[in-house]
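Where a number appears in this text, it was derived from the coordinates with a stated rule and is not lab data. Being a predicted model, the structure only gives us computed values, none of them experimental. FYI the Cβ positions are ideal-geometry reconstructions off the backbone, even for glycines, and counts take in every protein chain you see.
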Amino acid sequence: MTQQVKRAFKYRFYPTDEQAAELSRTFGCVRLVYNKALQERTRAWYGEQRRLSYVESSAALTQWKKSEELAFLAEVSSVPLQQALRHLQTAFANFFARRAKYPRFKSRKKSRASAEYTRSAFKWCDGKLTLAKMAEPLDIRWSRPLPEGAVPSTVTVSRDAAGRWFVSLLCEDTITPAPATNAAVGLDAGITSLVTLSTGEKVANPRHERRDRARLARAQRELSRKAKGSNNRAKAQVKVARVHARIADRRRDFLHKLSTRLVRENQTVVIEDLTVRNLLKNHKLARAISDASWTELRLMLEYKCAWYGRELVVIDRFFPSSKLCGACGMVAAKLPLNVRQWTCDCGAVHDRDVNAARNILAAGLAASACGDGVRPQRESSRTGRSSMKQEPQRATAGIPRL
Ligand SMILES: [Zn+2]
């Protein structure tokens, strides 16, 4: 049985000077509205212990447009501004549900600039896309076809740090289910190998990445030598951003292939929840990139599992996956990171990562067996040694001071 899903299709496009100017103006307004609304919400929450709603933020936006110093907000399409408030609403809902950190301000330098247009703010005609306040359609490079007869419901325009423009079209698509299987797999996130599977397979980092990283290091060194505020520094910054973008593109490509394969081959995929670790500041490049890919892989697994009717089990990150002997269930006292292989008192010899991936799989199968979904095809012997209690995440992390 096929299934209808919402799916985003992303393409590069090349704006005319006018379009680029209009979009840059819109990005600026989106950022301003988001930040200003965030400031108001933060003040209401910390000053008066009051939660502002989307409706209140929207009413405030109407007032800002009437004020003299913010009258320029009325010059761009109002839809992306409303969408920014909706995004902020979602960010707060996630924060209050303890799924995310406190929303952060969008910085002109660090955040990706983007604007979201809903149906009323663009025209879709004969495969041509024209945004509100624009006379001409966007010059889109259709690198892959949209589904037959698709009409986008939402359009997101963005510009990355390397100065490239993208448009993402949200469309209905038909998904053909993957063949039935009873297989299950556990994943352990790593740095040297990106992912280790419970089958013993180690998935290495994408090809070329070592070279790209060397290039990145070189570009960053160049950048550090340029005087602050100079033209050359700005150029060097774009160069760094370009290498970053290439690494990210190749990674994404790679992760798409990996996640599709894992979801097609397995009924159940088990991963560890690493969100909390991701909150820690990390300056090591390798670590930062591997954390970013892990987050991305998890998102891909989430939606692809939903598409193909598979189960994704996320287990507690406090589960001692590396130190637990998969053979006898004993937990090793200490296991420094540089120890890649260890021998348990019971005599079992473990590859650190493969053992971790197997424990993650076992814990995940146990967790989902006592959960809501009853899965008859599961082997039931590996239960009883998981510590599945959910530690509450600290919801106060990262709150800006006023
Ligand atoms: Zn053992």
Worksheet item: What is the distance, in nm, between label points placed 7 Å from the Cα along the Cα-to-Cβ direction at ARG86 and at VAL55?
Response: 1.8 nm
Practice prompt. Provide the percentage of antiparallel DSSP beta bridges, counting only those with both residues in the chain; round to the nearest 5.
Written response: 80 percent
Worksheet item: Label points 7 Å out from Cα along the Cβ direction at ARG119 and ARG141: separation in nm?
Response: 3.2 nm
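Note down the magnitude of the dipole of the chain about its Cα centre, charges +1 on Lys and Arg C-beta and -1 on Asp and Glu C-beta and zero elsewhere, to the nearest 20 debye.
On the way: 73 positive and 38 negative charges, 362 e Å.
That gives a dipole near 1740 debye.
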Item to complete: State the extension gain, in nm to one decimal, for the chain segment bounded by SER153 and ALA20, taking 0.36 nm per residue of separation less the distance between their alpha-carbons.
Response: 45.6 nm
Fill in: GNM flexibility winner over the chain from TYR54, TYR46, TYR308 (Cα, springs under 10 Å)
TYR46
Discussion item. Quick check on my link table: of LYS6/LYS304; LYS106/LYS226; LYS65/LYS133; LYS109/LYS235; LYS10/LYS235; LYS101/LYS235, which ones sit more than 23 Å apart, alpha carbon to alpha carbon?
Written reply: LYS106/LYS226; LYS10/LYS235; LYS101/LYS235
Worksheet entry | Per principal axis, descending, Cα span of the stretch 184-370 in whole Å | 62, 40, 27
Worksheet item: Using the beta-carbon distance between VAL339 and ALA292 and R0 = 30 Å, what value does 1/(1 + (r/R0)^6) give for FRET efficiency, to the nearest 0.05?
Response: 0.70
Worksheet item: In the stretch 150-167, which residues have a backbone nitrogen under 16 Å from the label point lying 7 Å from ARG12's Cα in the Cα-to-Cβ direction?
Response: 158-167
Worksheet item: By Kyte-Doolittle mean hydropathy of at least -1.0 and Cα axial length of at least 15 Å, which whole DSSP H helices of the chain are selected?
Response: 17-48, 54-66, 78-96, 231-265, 285-308, 352-370
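Test of the criteria: in the stretch 113-194, which GluC sites (Glu not before Pro) are in a DSSP loop and have at most 10 other Cβ atoms within 10 angstrom of their Cβ?
GLU148
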Item to complete: Could you give log10 I(q)/I(0) at q = 0.09, 0.10, 0.11, 0.13 Å⁻¹ for the chain, computed by the Debye formula over C-alpha point scatterers of equal weight, without solvent?
Response: -0.70, -0.86, -1.03, -1.34
Worksheet item: In deg cm²/dmol and to the nearest 500, what is the mean residue ellipticity at 222 nm of the chain if only DSSP H runs of at least 4 residues count, each as -39500 (n - 2.57), divided by the residue total?
Response: -14000 deg cm²/dmol
Worksheet item: Once you put a point 7 Å from the Cα of PHE105 and another 7 Å from the Cα of GLU222, both along the Cβ direction, what distance in nm separates them?
Response: 3.2 nm
